[in-house]
Every structure is written in C-alpha cells, then in structure tokens.
1. Hey, any idea what Rg/Rh is for the stretch B:177-321, computing Rh the Kirkwood way over Cα pairs?
2. For B:Lys285, A:Lys91, give the ranking by accessible area with the largest first, probe 1.4 Å.
3. At 1.306 mPa s and 10 °C, plugging the Kirkwood radius over alpha-carbon pairs of the stretch B:208-293 into Stokes-Einstein gives what diffusion coefficient in µm²/s?
4. Taking a label point 7 Å from the Cα of B:Met394 along the Cα→Cβ vector, which residues of the stretch B:119-163 have an amide N closer than 13 Å to it?
5. Set the bar at 30 Å for Cα to Cα. Now go through A:Lys2/B:Lys131; B:Lys131/B:Lys331; A:Lys2/B:Lys274; A:Lys91/B:Lys331 and name every pair that lies beyond it.
6. Which percent of the Cα-Cα distances in the protein assembly as shown go past 47 Å?
7. Can you give the translational diffusion coefficient of the stretch B:3-420 in µm²/s, computed by Stokes-Einstein from the Kirkwood radius over Cα pairs at 20 °C and 1.002 mPa s?
8. Evaluate peptide B:365-377: per residue, the Cβ atoms of other protein chains within 10 Å of its Cβ; return the mean as an integer.
Amino acid sequence: MKPILLYLFLVGVPVLAVSEVLRAGQRLRPPVFVEGTWMIERDAGAEASCSDDVISSDSTVLTISQSGPHLVLTLNGRNRTTLEGEIHDAKITAVTAGFASLSSPDSQGAAVPEIQLNATVERTSGSDRLLGALVFNPCPSITATPFSAKRQTTGPLQER
Amino acid sequence: MPQLPTLLIQVVVILLVARLVGWIFRRIHQPQVIGEMAAGILLGPSLLGWVSPAISSALFPIESLGFLNSLSQVGLLFFMFLVGMELDGRRLLERRHTAVLTSHVSIIFPFLLGTLAALYLYPRLSDERVKFVHFALFLGAAMSVTAFPVLARILTERRLLGGEVGAVAVACAAVGDVTAWCLLAAVVVLVRAYDSLAPLWLTVFGSAAYIAAMLLVIRRVLIGLQRMYEKRSAITQDLMALILLLVFGSAWVTEQLGIHALFGAFLIGVIMPKEAGFKRALSGKLEDLTVVLFLPLFFAFTGLRTRIGLVHGGDMWFYCALIIAVAIVGKFGGAALAARLTGMSWREAGAIGILMNTRGLIELVILNIGLEIGVISPAVFAMMVLMALVTTVMTAPLLDLIYPPRLRRRDVSDSGAARAA
C-alpha cells in the first residue's frame, strides 16, 4: 500500500500541479511576432538626407530576428546597419549596434552613426506593415526619415 | 556549384575536429561524446563563425547545409534504433518498484519545474506564434530527459554496471527514455496538429494503431529474423537489408503520422529481439559507423544552428542560468528524493540523481525537433544546448565526489555476493 501512496503523492500531485500551471499560463500575453524579412519603402516626400547610406531611395531589406521582446534588426541598404531593440505591445524601438560599409570594406572600425528606429506594427487583413521613422544624430540636414515596410517572409521557423 | 567536394571537405573537417576534441575530453576524464558535442559548437557561428566568418562561410555555405542535415538525420535514425535496442524489458521488471517510481518522479519533477519556469520565460523568450501550452510542454519535456547512451557509457567506464546503483540508474533511464519520448511525441503531435490540416484524432488513432501493429505483428516478424540469424550464425546482407527496410519504413510511417521519423526508428529498436548474440551482431554492424561518422555530423549540424551570441546581455544570461538551474534541481532533486524514499542511502540516492541528470545528445535530438517545429526560438535553443552541455559535463566529477570509487567497489562486490547467495 505504501508504494502506491508514495507514487500518488510524488507523481499524482505534480501532474495536477502541471495542469494548473498550463491553465494559469493561458492568460499570459507574449510579444507581437515581427521576425522575418520586411521591404522598406521610404516615404515619397522624404528629402535626401543622412539616411541615404542606410536605406536606399528605391527599396531596402530589413531583416528582424526575435527572441521574445528582444530584436536584432539588420538594414541592408548601401551599408549594412545592425540595430538592437525591443518590442512592447506593437511598438518597436531600436538603436545602432553595428555598421559596415558594403561599398568600401576598409571602413570597418569607422565611427558608428547613431541611428534610432521607432516603428509601430499595423495589422491589416492579409498583411502586416511597419510604420515608423529613422532618427539620425547628429544630422545637419534633417533629423527623421519616415518609412513604411511590408512583410515579405516570416522567420525560418515558420517556413515549415 | 559542385556539392560533393564541399560535403566531403565538411565531413573531413568535422571528423578531425570531433576526434581531436573528443580525445582532449577523454584526457580530462569526460566521455568522448561530450567532446564531440563541444566540437560541433566550436565549428558553428559561436566560435569559428565569430573568429573567422570567411572560413566559416567557405566551409559551411548555407546552400550546402541541406545535404549535411540529410546525412545527419539518416545517422540519427540509426542512432535511435540502437538506443531502442539497448532497452531491455526484462531488466526493468527485475527492479520495477524502484525504477518506475524513481524514473517517473525524475520526469515529473523537472517537468513541473520546466512548466513553472515557462510561466516566467514565455513572455520574455517566446512570441505570439507559439501557444503557451506548447512552449510549456516542450520546456517540461526537454527538462525531463536523461541521456540513456551517455549514462550507459559513464556507468561502464566507472565500473558501476554490476552494482545496485548502476542497475537502478540503467532501469530508471530506460523507463525515463520511453516516457520522455512519449511525452515529446505528444507535444509534437499537439504542435503539428495546431498548424496542419490533418485532424488530431487521425494522428492519435493512427499512432495507437501503428504501435499495436508493431507489438502484435512486426514483433513476430522480427523474431523470425532472429531465427534466420541463428540458422546462419551471422547477419547476412539480405537480413541486414530487411532490418534497414524496417527501420526506414517505420520512420517513414511515424513521420507521415505527424509524430517524427525518429520515433519510428526508436520503436523498431525497442521491439527488436534482445537475444545477446543477435543484438551484439546487429549493433556491431551499425554502431561504429553511427558513432564515429554520423553522430559527429549531427553534432556539427547542431553546432551550426547554435548561436551562443544570441545569449547576450545580463537578462539573457539570467534566463540561461535559470534554465540550467531548473533542469539540475528538477532532475537531480526528483531522482534523488525518490531513490531515497525507496530505501537507498543518501549517497546512493545522490549518485542516482547525478546520473539521471545526464542529458547528453538525447537532449540535442529533442532540442533540434523543438527548433524544427518552431516551438522554441534560436536563443532558447542556444540556452538549452548550453544546459545539455553543463548537465552532461558535471556528471562524472560530481559522481566521483558524492559516490567515490571505494563505495562503488563495495556496491559492486555486495551485489555480486548477493547474486551468488
């Protein structure tokens, strides 16, 4: 009898606890999913500015990798710019973490321009969009470049 | 692009690095397999890709990884078949009371702690694609694994197999393996059913029907194969071909059913006849190629997916430390407590806890499945690979500390005397 009681206590009780934990977890809200490739389009009215090396005048690919709210964003414009940031609710904020000139590889080690990205995820039926602006500091001509981006593909985990 | 030369160079480099790091680990009294796991990480973006991105991308171009993955997956099918073959029901029956309680407690404790940790980690490391239930169940299953093959190797090297502690540990790990794979199969079915059009009931009833067919029909066929072996006293090429057909066929069916190809290979290994000569002959044909060639390829592929750089910043290292702590406390604590309550001394119970805490490459297999089905992110994958390495590396030195050689010798001689009496 003792082994059965022991089994019920040591195994049965934790099983019940697991089911309670699973129920409690249903209330948690995870971060919005933004991982994948996005195509950035600079707003038509935006002036030529410090952003020219970061996002091209035609279109630039923005790649986002995500771990919970933590994001790593890579802009593949004339130069490759890496930003690190977070997403809370539907708002993304990120700042420069690395910069590499694709046209002149010798520029590695050059001063990293300070760029801040602020964007909001907009959900419409069928497609997701990012609406936001890149803020350059210092920039003599213009400080913020508005942009929008359309999701191209989701991250590798979804492509199954 | 010529793919074959690339693949051949990859295999050569992987084998060289795996043997070298494995040899270094043997010199520091660690099983070779842990060194091979570490070698995989060294070849990935965490070291080679970080130190020399140019060499890394030349050696492992992205377009070539599909070939490497396919080769390593075939090797994993062989490996899971061999793991299944090592499970012997008769051994479990001898110690069913201790083994069933200890192994089930050593599964449910880390499972519970894993799901509790998921409450904290889910909003911080997951996203809206993944349901909480899937994330929590996977984390629980991944925490509760024991690496049966690594455990068996450690017990053999430490000459513990003949003693009470070794016998209980092997029996617990065997029960634990079957239970953990069933849990993981359930998680995979749940996640895939959520994403696919195939109804859940079809997968569940299909799997149940398949397992029943394996136990009632295929098992008899396998006994017939064993008789063929006994007639010739050798595994002929025709017989080997039949066995391989069954392994790959079973893997294909379970993959189609929505569980995973590895379950099929494992299942056919479990129901293989366990007659010593037949088992030895069959293992002899497959083991060397699997262990020496295919497993290092799998470790390398896992290493290429492991980006330890994703674990950066105080927050992420804290989550990583939490995962490692939960895994150790749950597995070690659960197994040791249950072993103590079934009558073992504290030292013996502690040894059981340490042995059951070994996760090794079975954990890597499970983590790769989690990453493939999208239930964990690359950052969580990297953290859990570190957890697998830490829990495996700590086994041998902690075992020597808590259960020193003089106690092991006494345990083995007492068990031998008891058997003789």
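1. Numbers: Rg = 19.3 Å, Rh = 17.9 Å.
Radius of gyration relative to Kirkwood radius: 1.08.
2. Working: B:Lys285 105, A:Lys91 130 Å².
Sorted by accessible area, descending: A:Lys91, B:Lys285.
3. Working: Rh = 13.4 Å.
Result for D is 118 µm²/s.
4. The answer is none, because no backbone nitrogen lies closer than 13 Å to the label point.
5. Working: A:Lys2/B:Lys131 39 Å; B:Lys131/B:Lys331 25 Å; A:Lys2/B:Lys274 33 Å; A:Lys91/B:Lys331 39 Å.
Pairs exceeding the cut-off: A:Lys2/B:Lys131; A:Lys2/B:Lys274; A:Lys91/B:Lys331.
6. On the way: 31473 of 168490 pairs.
Considering the protein assembly as shown, 19 percent of its Cα-Cα pairs are separated by more than 47 Å.
7. Values: Rh = 22.1 Å.
Reported coefficient: 97 µm²/s.
8. Details: counts 0, 0, 0, 0, 0, 0, 2, 2, 2, 7, 1, 2, 8.
Partner Cβ neighbours, averaged per residue: 2.
The values are calculated or read from the model by the stated rules, or taken from the named source; none is laboratory data. It should be emphasised that the depicted structure is a prediction, and the values quoted were computed from it without experimental measurement. Every residue, glycine among them, receives a Cβ derived from its backbone with ideal geometry; neighbour counts consider all protein chains shown. Accessible surface areas use protein heavy atoms only, side chains included; no ligands, DNA or RNA. Shrake-Rupley method; radii C 1.70, N 1.55, O 1.52, S 1.80 Å.
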